[in-house]
Amino acid sequence: MRIEGAIVRNSNEFEFADLELDSPRSDEILVRIMAAGICHTDVAILEGDIPWPRPALLGHEGAGIVAAVGADIEDIRPGDRVVLSFASCGTCEQCSAGAVSYCMDFATLNFSGRRRDGSHSCHLDGQPVGASFFSQSSFASYALARRSNVVKVSSDLPLAMLAPLGCGIQTGAGAVLNRLRPAPGTSIAVFGLGAVGLSAILAAALIGCYPIVAIDLHDQRLDLARELGATHVLRGDCAALLDELRSISGNGFAYAVEATGLPGVMASAATCLRKTGEVVLLGVPASREIPFPSSIMRGATIHTCVEGDSNPHEMIPRLIDLHHSGDFPFEKMIKTFDFTNINAAVEAMKDGSVIKPVLLIGEEAA
Ligand SMILES: [Zn+2]
Ligand SMILES: [Zn+2]
């Protein structure tokens with residue numbers, strides 16, 4: 001079928017093209033995309049920081065309405081409202097243990113540009129497109145997904161609001177709720193206030209951590225962090241940052257979340273810990289080496305964590321429930337853009353003025 005997609009060819013900008021998308025195979029689900037969030041991984045590929053076959057069809061925070069299902073799909077029907085997330089195989093050792101974000105086949109299913117069997121699902125003028133991104137490639141009018149990454153949502157919340165739950169928000173919230181699991185009243189510092197860091201703030205506030213310290217370079221983001229539950233905010237470029245952190249925490253922080261991927265910030269996040277403190281590293285470092293201070297040799301734990309250790313089939317409904325009860329106001333991070341303005345949306349994310357741009361791709365029938 002013919003679809004419209006925002007693709008990346010030779011430049012570092014999205015351009016629109018008519019593409020040919022396969023019909024769903026027996027294990028696939030065709031989704032008419034209504035909205036898609038932009039995540040840092042999309043931008044990293046756009047800018048060439050992560051290698052990816054071009055022309056590239058990206059987008060991995062899609063949400064939409066099921067248009068058709070393959071013969072093997074039993075519990076998803078055309079017309080279902082769905083949020084798309086990452087795919088997993090469902091049968092390997094990790095998936096069997098419930099750790100689907102550590103699926104042994106994660107790279108093939110989410111990061112190969114092809115289907116799991118190596119075939120291409122999408123073509124441009126007869127040439128293969130690097131698609132099947134997170135088994136979706138949702139910067140397009142339609143996407144082909146798999147059962148493992150299609151989460152049916154019963155909520156009547158707008159799909160444009162639910163789309164970013166599929167990656168960035170569950171990553172930040174899950175790092176706190178699933179991995180660190182702080183007790184109420186324990187201290188936490190969050191470095192880097194994009195969608196991932198701010199979702200970690202929301203989760204820390206939900207638990208009742210204290211103090212919750214937010215660190216970033218953008219004043220607007222610090223203001224939003226306060227609104228979302230940070231009890232203290234600090235500018236990351238203040239000269240005496242570690243002293244300031246120490247004056248807030250006393251003996252250091254029980255927990256820290258690092259969401260910038262910058263080696264110096266990673267070191268600061270580890271340095272601010274108290275004895276036996278725990279830091280989780282979520283930012284993807286550009287350099288291969290991460291410097292850690294010797295102060296971590298006091299019983300500290302360094303965690304890394306993929307997609308917040310989330311099983312999207314549990315985590316996404318859980319976050320929607322929390323939102324309904326008023327405890328997880330993640331929509332404050334979102335700004336919507338018309339699909340045609342995708343490049344402006346990327347710029348707004350890069351300059352810090354917008355935390356989570358969500359593209360409006362289709363219109364839901366009232
Ligand atoms: Zn697996
Ligand atoms: Zn992502």
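The values are calculated or read from the model by the stated rules, or taken from the named source; none is laboratory data. These numbers were taken from a predicted model, which means no experiment stands behind them. Here the Cβ is made from the backbone with ideal geometry for all residues, glycine too, and neighbour counts use every protein chain on show.
Under 9 Å by Cβ, and 6 or more places apart or on different chains, what pairs join a residue from the range 88-109 that is at pLDDT 95 or above with one that is acidic (Asp, Glu) and more than 8 Å from ligand 1 (Cβ to nearest atom)?
Hits for this filter: ALA99/ASP309; VAL100/GLU307; SER101/GLU307; SER101/ASP309; TYR102/ASP309.
Go through the residues of the range 67-75 one by one and say whether even a single one is surrounded by fewer than 17 Cβ atoms within 10 Å (Cβ to Cβ), within 10 Å of ligand 1 (Cβ to nearest atom), part of a loop (DSSP other than H, G, I, E, B) and of a type in the set (A, V, I, L, M).
No, the conditions are met nowhere in the range 67-75.
Those residues that are among the aliphatic types (A, V, I, L, M), over 30 Å from CYS103 (Cβ atoms) and not in a helix (DSSP H, G or I), I need them from the range 296-349; list them, please.
MET297
Inside the range 211-295, counting only helices (runs of 4 or more DSSP H) that do not spill past its ends, which hold 3 or more residues that are free of Cβ contacts under 8 Å to residues at least 40 places away in the same chain and closer than 23 Å to ALA44 by Cβ?
In the range 211-295, the matching helices (runs of 4 or more DSSP H) lie at 263-271.
Per-residue answers, yes or no, for (1) crowded, with 24+ Cβ neighbours inside 10 Å; (2) within 27 Å of PRO263 (Cβ to Cβ); (3) outside the structural domain of ARG32 (by TED's automatic domain parsing):
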position	(1), (2), (3)
LEU157	no, no, yes
LEU162	yes, no, yes
ALA183	no, no, yes
ALA195	yes, yes, yes
ILE212	yes, yes, yes
GLN220	no, yes, yes
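Quick check: is even one residue across the range 138-153 touching a Pro at 6+ places or on another chain (Cβ under 6 Å) and β-branched (Val, Ile, Thr)?
Yes: the range 138-153 contains one or more residues that are touching a Pro at 6+ places or on another chain (Cβ under 6 Å) and β-branched (Val, Ile, Thr).
Looking only at the range 244-271, count every residue that is closer than 13 Å to ILE212 by Cβ and either of a type in the set (A, V, I, L, M, F, W, C) or crowded, with 24+ Cβ neighbours inside 10 Å (or both) and tell me the total.
7
If a residue must be in contact (Cβ under 8 Å) with a residue 60 or more places away in the chain and either over 15 Å from the mean Cα position of the chain (by Cα) or closer than 27 Å to GLU227 by Cβ (or both), how many such residues does the range 296-312 contain?
7
Is it true that LEU84 is within 16 Å of ligand 2 (Cβ to nearest atom) and touching a residue at least 60 places away in the same chain (Cβ under 8 Å)?
Taking the combined requirement at face value, the residue satisfies it.
Which count do you get for residues in the range 147-177 that are over 19 Å from SER325 (Cβ atoms), in a helix (DSSP H, G or I) and more than 16 Å from ligand 2 (Cβ to nearest atom)?
Matching residues across the range 147-177 total 4.
Among what's in the range 76-98 and is assigned to a loop (DSSP other than H, G, I, E, B) and closer than 16 Å to GLY166 by Cα, pick the residue that is nearest to ligand 1 (Cβ to nearest atom).
SER88
Does LEU144 satisfy being outside any loop (DSSP other than H, G, I, E, B), outside the structural domain of PHE339 (by TED's automatic domain parsing) and either touching a residue at least 12 places away in the same chain (Cβ under 8 Å) or within 16 Å of ligand 1 (Cβ to nearest atom) (or both)?
It is false that LEU144 is outside any loop (DSSP other than H, G, I, E, B), outside the structural domain of PHE339 (by TED's automatic domain parsing) and either touching a residue at least 12 places away in the same chain (Cβ under 8 Å) or within 16 Å of ligand 1 (Cβ to nearest atom) (or both).
Given the conditions (1) under 22 Å from GLU347 (Cβ atoms); (2) of a type in the set (Asp, Glu); (3) surrounded by 21 or more Cβ atoms within 10 Å (Cβ to Cβ), which single one is not true for GLU13?
For GLU13, the exception is condition (3).
Quick test of your reading of the structure: SER154 fulfils all but one of (1) modelled with pLDDT of 95 or more; (2) more than 16 Å from ligand 1 (Cβ to nearest atom). Name the failing condition by number.
It is condition (1) that SER154 fails.
If I filter the range 27-37 for residues that are modelled with pLDDT of 95 or more, in a loop (DSSP other than H, G, I, E, B), over 17 Å from the mean Cα position of the chain (by Cα) and of a type in the set (Asp, Glu), do I get at least one hit?
The answer is yes; a qualifying residue exists.
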